[in-house]
Amino acid sequence: MMRAARCENADRTPIWLMRQAGRYMAEYRSIRRHTPFLQLCKNPDLCAEIMLAAVKRLKVDAAILFSDLLVILEPMGIQLQFRVSEGPLLVNSIRTPAEADRLLELENIEALQFVMEAVRKTRAGLPESLPLIGFAGAPFTLAAYIIEGGSSRDYSRTKTFMYGDIGAWNAMLSRLARAVGLYLNAQIAAGVQLVQLFDSWVGCLGVDDYRRYVLPHTQAVIASIPPGVPIIYFYTGNPALLPYIKKAAGNRKNLVIGVDWRMRLDDAWEAIGLDTAIQGNLDPAVLLSTPAEIRRQAREILEQAAGRAGHIFNLGHGVLPQTPVENAIALIDAVHELSLKT
Ligand code: CP3
């Protein structure tokens, strides 16, 4: 996994799955039955237990911190609720530039020590050879949650804010970029080996808007991470953003770009150059099909990667809750077997 993230040759293609620990797994559901989701995120023992159980069951090549994208927002003044099967709700969302001051500066990570404790406990339970991935939301995706108050179909409130007052927008995104930098560096100090930035919703933007409203803030986050720690910058939805996603990293080595299934891996490499590693990109819906179809599609992706240095296999987005665990295991076994270099 670490060799692939540094774009070096590996004996086989490493694989892990976004949302590898979650509702599709009986081990998770049994813990979750007794504990509301946000409470779970604040219990480092349970966070470690959930991720370690998933890693053991799936035999993946990396663990990811068990937490949520949005917990960083609480000490910044945003109240969170997770409703059963409806996703997150931000109670006091910031709808307009006039309210932007309600987002507080994250001065330190005191209030997020439970995350660092989850990192330490998960790291302590993993074999030394398995890396632990820390993560945070990228500034745009966090801002979209803060402004929409939850998930959204068209991000119209976010765009209205962004086009309407670029000064307030830049102030909000720089505040988020500083917070994310602080948060990821604390996770690194607590023991993660790589970090993933989730820009899950940035694909709703066109290229010019990405460059004008988002790129400088993503650049600031990436620049705040020590050069030796690989960064996985994951986004979905708009293949045309790819060259600018790469630009966000400047000349930095140790960059992995996470792409979804809407583009082929070989086309993605053409857009960004072979010196950058790629993570992806099976459609999570394929895991709802049969082991034979899963294997066929895994082979196709491995063929596009063509044994190049710097491929981390993953889904193009998170595991769907209705996924049969056996199918996730079938994918992991297939990737391990088909990519083995003899
Ligand atoms: O990958 C992992 O297994 C680690 C844990 C993890 C969770 N959330 C646990 C979770 C990670 C890395 C995240 C990140 C996250 N959270 C993202 C970025 C990834 C992406 O999907 O683009 C986003 C957008 C969120 C916000 C969020 N949290 C949503 C939209 C939802 C509801 C949708 C859903 O799948 O339930 C959550 C809840 C959530 N986060 C659950 C888990 C296990 C389900 C909670 C439950 O009901 O038990």
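The values are calculated or read from the model by the stated rules, or taken from the named source; none is laboratory data. Everything numeric in this text was worked out from a predicted model, so none of it was measured. Glycine gets a Cβ as well: all are built from the backbone with ideal geometry, and neighbour counts include every protein chain shown. We work out accessible area using only protein heavy atoms, side chains counted, and drop any ligands, DNA or RNA first. Shrake-Rupley method; radii C 1.70, N 1.55, O 1.52, S 1.80 Å.
General remarks:
- Rounded to the nearest Hz, the phi-derived 3J(HN,Hα) couplings of the range 333-340 under the Karplus curve 6.51 cos²θ - 1.76 cosθ + 1.60 (θ = phi - 60°) are 4, 5, 5, 4, 6, 6, 9, 4, where x marks glycine and proline.
- Mean-position separation - Cα centroids, the range 29-57 and the range 156-182, in angstrom: 32
- Near T323, once Lys and Arg are set to +1 and Asp and Glu to -1 for all other residues with Cβ below 11 Å from its Cβ, the sum equals +1.
- Computed E for A171/L320 - FRET, C-beta separation, R0 35 angstrom, nearest 0.05: 0.45
- Among D68, D283, D154: highest mean-square fluctuation, GNM of the chain, C-alpha pairs under 10 Å: D154
- Efficiency of FRET from Cβ geometry, L340 and S129, R₀ 25 Å, rounded to 0.05: 0.90
- Virtual spin-label span in nm between R33 and A285, 7 Å along Cα→Cβ: 3.2
- Prolate/oblate/rounded call for the range 187-261, Cα gyration tensor, a/c under 1.5 rounded: prolate
- Among the listed pairs K59/K121; K56/K159; K121/K246; K121/K247; K56/K246; K42/K247, those with a Cα-Cα distance over 31 Å are K56/K159; K121/K246; K121/K247; K56/K246; K42/K247.
- Spin-label pair D11/D154, simplified geometry with 7 Å Cα→Cβ offset, distance in nm: 5.4
- Each label was represented as a point 7 Å from its Cα along the Cα-to-Cβ direction; for I329 and A111 these points are 4.2 nm apart.
- Residue (of H311, A271, A248) at the positive-pole extreme of the chain, dipole from beta-carbon charges: H311
- Result for the chain in a Gaussian network model with C-alpha springs under 10 Å: among N185, N92, N314, the largest mean-square fluctuation is at N92.
- Using a probe of 1.4 Å on the protein chains alone, the accessible area found for F198 is around 30 Å².
- Mean-position separation - Cα centroids, the range 104-131 and the range 291-317, in angstrom: 31
- Cα pair distances of the chain binned at 10 Å [whole percent]: 6, 26, 36, 25, 6, 0, 0
- Lys/Arg +1, Asp/Glu -1 at C-beta; the chain dipole; positive extreme among I225, F66, W201: F66
- Choice from E110, E303, E74 showing the highest fluctuation, given a GNM over the chain with Cα pairs closer than 10 Å: E110
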